[in-house]
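The structure appears right after this line, and notes come after that.
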Amino acid sequence: MFVDSLSGRVTGLVKTLGKVQRRMICAASASVFASGCAQRGILDPVGPVASAEKTILINSTAIMLAIIIPTMIATAAFAFWFRRGNTKAKYRPDWEYSGAIELVVWSIPALTIMLLGGIAWISSHDLDPGKPLKSSKPAIHVQVVSLDWKWLFIYPDQGIATVNQLVIPQGTPVSFDLTSATVWNSFFVPQMGSMIYTMPRMTTHLNLQADKPGAFQGLSAHFSGDGFPGMQFKVQSLPADQFAMWAQGERGQGGALDAKAYAELSKPSSYVKPITYGAVVPNLYEAIVAGRQPQNPVPPPLHNPPAPPAGV
């Protein structure tokens, strides 16, 4: 009697735990799908670069599936045909070579690799990050600086700067010059395409465009320390007239990004709310690239430590 009672209780507990686990799994799955729908990425392009990259991704996947799917079907078919119970399957221990089979086995993968290689070769030249985009509109120039752990955007033609907020005109090419004031990082707006690295004392070039209005997520795709999770920014695509009004309205408003303000900004901080500077000291980006003024206030042992002497 005691054993039966204990067994019943254990069975009930297992069923209860099973229900709880199922509910937890369902809740977790729902949250994952919801987050996937909320965070739009490379499969929801808003510009010509991201659209071309999506096409390359789909075409490459389709070409590879053209081999993978028949191979999987053939594997199952061979296993079924040559099963022990099939008396129609012939066993040929002396068979060793077939030119026709060898031709098929080697030609199909070779042609696939050549096709994929051709697509990669052509697209890598067409989507060269430094290649200007074809457009009847002149490109807007934006200078990008990655800091710990935030993004600085300088508009040299408009004389303003922003932090963790990139505002661009809709349908207009954007020419980026990018560098890092700290460690290596990477600039990536998934819906606009083409991730590119930012490196200290160097400048990289990137050309993107957003053909749709809206707000898009930008991020750092290269781990850079404790504050890396908060190194994100918003991209706001506005009609050309609204962008002009925004730039005109921000000019002269708020603080000025001079050497003192930059020294304060360059201190490590994460999850920084968007900031706008109504004036920028001349040649600030060039000074950051050259490692001149403004100086970085973070002590060398914690930030950009000097290279050890030769032979150490």
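Eight or more residues apart or on different chains, and alpha-carbon atoms under 24 Å: count the Lys pairs in region 140-290 matching that. The partial results should precede the final answer.
Working: K150/K234; K150/K260; K150/K267; K150/K273; K212/K234; K234/K267; K234/K273; K260/K273.
For region 140-290, qualifying lysine pairs total 8.
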Between region 159-213 and region 55-117, how far is it from one alpha carbon centroid to the other, in angstrom? 45
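Might you report the magnitude of the Cβ-based charge dipole of region 140-290 about its Cα centre, with Lys and Arg at +1 and Asp and Glu at -1, to the nearest 20 debye?
Details: 8 positive and 10 negative charges, 44 e Å.
I would put it at about 220 debye.
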With a 1.4 Å probe and every protein chain kept in, tell me what percent of the accessible surface of region 122-218 is carbon plus sulfur. 57
Cross-link reach list, lysines versus K90, counting only Cα pairs under 20 Å and skipping chain neighbours closer than eight places: none
So, counting K/R as plus one and D/E as minus one, what does the shell of residues with Cβ under 12 Å around S270 add up to? +1
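Which of the GluC sites (Glu not before Pro) across region 33-142 are loop residues per DSSP, with 14 or fewer other Cβ within 10 Å?
Filter output for region 33-142: E96.
Can you give the % of DSSP beta bridges in region 140-290 that are antiparallel, to the nearest 5?
Values: 28 of 43 bridges.
In region 140-290, approximately 65 percent of DSSP beta bridges are antiparallel ones.
Which FRET efficiency value, to the nearest 0.05, do you get for S135 and L43 by plugging their Cβ-Cβ distance into 1/(1 + (r/R0)^6) with R0 = 30 Å?
Working: r = 24 Å, r/R0 = 0.81.
Efficiency at R0 = 30 Å is approximately 0.80.
How much length, in nm to one decimal, is gained on full extension between H205 and M64, taken as 0.36 nm per residue of separation minus their Cα-Cα distance?
Working: separation 141, 0.36 × 141 = 50.76 nm, distance 3.20 nm.
That works out to 47.6 nm of additional length.
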Under 20 Å from the I108 label point (7 Å along Cα→beta-carbon), backbone N, region 62-84: 62-83
Zone reached by a paramagnetic label modelled 7 Å from A256 Cα along Cα→Cβ, restricted to region 139-159 with backbone N below 16 Å, covers 159
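The values are calculated or read from the model by the stated rules, or taken from the named source; none is laboratory data. Keep in mind that this is a model prediction, so the values were computed, not measured. All Cβ positions, glycine included, derive from the backbone under ideal geometry; neighbour counts span all protein chains shown. Heavy atoms of the whole protein, side chains included, go into the accessibility calculation; ligands, DNA and RNA do not. Shrake-Rupley method; radii C 1.70, N 1.55, O 1.52, S 1.80 Å.
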